[in-house]
1. Counting other C-beta atoms within 10 Å, and keeping those with at most 12, which DSSP coil trypsin sites (Lys or Arg not before Pro) do you find in the stretch 143-176?
2. With an 8 Å Cα cut-off and a minimum separation of 6 or more residues, compute the relative contact order for the chain in percent.
3. How many angstrom lie between the C-alpha centres of the stretch 182-257 and the stretch 124-156?
4. With just the Cα atoms of the stretch 20-88, tell me how far they stretch along each of the three principal axes, in Å, largest first.
5. If only Cα atoms are counted, what is the Rg of the chain, and what is its Dmax, in Å?
6. For a Förster distance of 35 Å, can you work out the FRET efficiency between the beta-carbons of E59 and R256, rounded to the nearest 0.05?
7. Compute from the Cα atoms of the stretch 96-173 the Rg and the Dmax, the latter being the longest Cα-Cα distance, and quote both in angstrom.
8. Could you work out which residue, out of M190, M127, M86, moves most in a Gaussian network model of the chain, that is, has the largest mean-square fluctuation with Cα springs under 10 Å?
Amino acid sequence: MKNKHEQKPKEVELVSLEDVVFGRHATVEALQARRGNKLFIQEDLKSNKIEELKNLAKEFSVPIIWAPKSKLDDMTNKENHQGIVMKITPYEYLSLDDLLSKSKEKENRFFLILDGIVDPHNLGSIMRTADAVNVDGIIIPKHRAVGITPVVVKTSTGAVEHVPVARVTNLSQTIKKLKEDNVWIFGTDMEGTDYTNWNVSGDIALVIGNEGKGMGAALKKEMDEMITIPIEGHVQSLNAGVAAGLLMYEVFRKRRN
């Protein structure tokens, strides 16, 4: 029996895809980050995990609405929502100054700069790994790149609530500012220092290029050093998310040792 906190209206409110998260993990993280406004649950779902989710929503005073699967499909453009969709407050990006201020007391800071990543699944995967290895922040451009979308949130399994993201207008100017803050900048390319010989001491930032074109030529000139992952097979490069994950774990491994 549903209590007064739960509703089942005749017509379910549709929301902009940019204003929702979906899937259990992403929804739980958004609730705990106090970004939930209204929780939609597929009307025929029953499980212990759904009960836990309902209790969490009530803890944060988020109304629950029961909806048919077809409505949830419409709200998510038929993405795999697992019967759970939540309307949220918009994601708040940091400025570069805010990101640097947030991490200024830390030693051996590690930032990730993404030069035109356009696939939301790649960004979500990168953010999930970044959270796992304690990256201090991710920097993305405002234009010609994917931002924090519902697909990114779901793919990251909620890591977007834990990894700070700064959105900037100009990556070249951003890199100059990072250098002024004594951050060493490393790019990725087919030619460069083997990643196993990479010196990861001090404050560093790693630049990952676009999935198809790689890093822009102008940005390459700003690098302190280029890092490469040796490839001996027939493919010419690794997926951006895979390369980023491998290099992030190399930093994590060396710093742990």
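1. Details: sites: R144, K154, R167, K176; in loops: R144.
Within the stretch 143-176, the qualifying trypsin sites (Lys or Arg not before Pro) (loop, at most 12 other Cβ atoms within 10 Å) are R144.
2. Numbers: 461 pairs, mean separation 50.3, N = 257.
Answer for the chain is 20 percent.
3. 17
4. 28, 22, 18
5. According to the Cα coordinates of the chain, Rg and Dmax are 20.4, 64 Å.
6. On the way: r = 36 Å, r/R0 = 1.02.
Once the sixth-power term is evaluated, E becomes 0.45.
7. Reported Rg and Dmax, both Å: 11.9, 33.
8. Highest fluctuation of the listed residues: M190.
The values are calculated or read from the model by the stated rules, or taken from the named source; none is laboratory data. Just so it is clear, the model here is predicted, and its values are computed rather than measured. Positions of Cβ are backbone-derived with ideal geometry, glycine not excepted, and every protein chain shown enters the neighbour counts. For the accessible areas, the whole protein counts, side chains as well, though only heavy atoms, and no ligand, DNA or RNA atoms are used. Shrake-Rupley method; radii C 1.70, N 1.55, O 1.52, S 1.80 Å.
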